[in-house]
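The values are calculated or read from the model by the stated rules, or taken from the named source; none is laboratory data. These figures come from a predicted structure and were not determined experimentally. Note that we place each Cβ from the backbone using ideal geometry, even for glycine, and neighbour counts take in every protein chain shown. All accessible areas refer to the heavy atoms of the entire protein, side chains included, with ligands and DNA or RNA removed. Shrake-Rupley method; radii C 1.70, N 1.55, O 1.52, S 1.80 Å.
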Amino acid sequence: KIEFLKKLEMINKEYHTEEEDKKKFNIFRALHKEKDERRLHSRFLAFLLSPESNHGMRNKFLELFISEIVDNKLELDGCEVFPKTNKEEKLDIDILILNKKHSYAIIIENKIDANDSNKIKNRDKNEEEGQIARYINRVKDKENIPVDNIYVLYLTLYKSPSAKTFGSYPRNKVKIINYTTEITQWLDKCIDNCKGTFLEECIVQYKNVISVLNSNIKRVLYFKELITDKDNWELTFENKTVIIEMPDFKHVKWHIVHEFWVSENNEDMSIKKQLISNGYEDIQVFPTNEEKNDNSFKKAIG
């Protein structure tokens with residue numbers, strides 16, 4: 001029991017330490033929510049990657065990204081990176097690096113909180129169209145890029161891609177990369193190339209946002225595992241008042257309830273999958289991500 005309470009105390013202490021750190025000025029935190037995939041993360045990463053951006057580094061950051069993360073020798077002249085300064089995505093893809101001159105494309109699917117957008121393609125046959133498969137098909141058909149020249153990066157903070165997202169494409173077609181490893185290491189190399197500039201400070205501040213996000217999610221998931229471990233059920237019940245009042249509990253509750261409905265680690269065990277298999281055509285679970293958590297979960301049957 002003492003060990004259990006010590007762990008709860010440690011979780012609470014980490015939370016309050018993080019809250020104090022957040023009080024320090026950060027331009028990204030001032031303008032956007034930390035988990036804003038589209039307006040914060042995708043746009044800033046696309047800004048760094050684009051040779052057309054006014055950061056003054058031309059294609060240096062893109063060169064580092066392709067050599068370090070894509071791990072392939074690709075020609076850089078002719079590269080376009082979307083979204084551009086008009087902020088519009090191309091083909092609904094979070095970040096798209098397109099090179100028509102040398103006929104290749106790099107799709108970056110950005111996942112922090114959102115689930116894969118796998119859609120019902122054929123209701124009669126109950127066929128789903130995977131999100132990654134859909135993007136590969138769009139680049140192939142609309143941009144005339146051969147499938148073998150389409151590289152897919154699944155950028156995530158903690159999520160794993162769903163089994164359905166690949167469609168008929170092999171899983172090894174997609175490389176999973178993480179904010180706290182590959183992206184942070186790439187950002188460090190970017191910093192090495194712009195030392196002493198305002199851009200260096202911007203990238204450092206962005207890295208701080210990633211660091212806080214990583215710390216937060218690791219703590220919340222640890223908290224969830226602690227109180228849901230069957231060996232701790234009795235202790236969890238005994239200390240339910242303390243647990244419910246902990247600031248992180250609202251996030252833990254979202255993960256528990258969402259996992260119950262969606263069960264990302266085992267789709268066949270999810271309530272959603274069971275309802276669909278019993279005749280319901282399409283089940284949507286709301287809110288779809290923690291950022292929109294209003295402490296209520298609804299299912300819409302369409």
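Listing for the model above:
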{"item": "Heavy-atom surface of the range 2-136, accessible at 1.4 Å and reported per residue (Å²)", "result": "54 Å²"}
{"item": "Where H258, H102 fall by accessible area, highest first, once all protein chains stay in place (1.4 Å)", "result": "H102, H258"}
{"item": "Three-way shape call for the range 159-262 based on the alpha-carbon gyration tensor, with the a/c threshold at 1.5", "result": "oblate"}
{"item": "Virtual spin-label span in nm between Y222 and S160, 7 Å along Cα→Cβ", "result": "2.1 nm"}
{"item": "Computed lengthening from V257 to N193, 0.36 nm per intervening residue step minus Cα-Cα distance", "result": "18.6 nm"}
{"item": "Spin-label pair T184/H102, simplified geometry with 7 Å Cα→Cβ offset, distance in nm", "result": "3.0 nm"}
{"item": "Distance histogram for the range 1-92 (every C-alpha pair counted, 5 angstrom bins, percent rounded to whole numbers)", "result": "2, 11, 14, 15, 15, 10, 9, 8, 7, 5, 3, 1, 0"}
{"item": "E89-E52 pseudo-label distance in nm [points 7 Å out on the Cα-to-Cβ vector]", "result": "1.9 nm"}
{"item": "Accessible surface of the range 147-191 [probe 1.4 Å, protein heavy atoms]: carbon and sulfur percent", "result": "49 percent"}
{"item": "Cα centroid separation, the range 22-74 to the range 157-232 (Å)", "result": "14 Å"}
{"item": "Heavy atoms of V204: accessible area, 1.4 Å probe, square angstrom to 10", "result": "60 Å²"}
{"item": "Paired Rg and Dmax values of the range 51-197, which use every Cα atom, in angstrom", "result": "16.0, 60"}
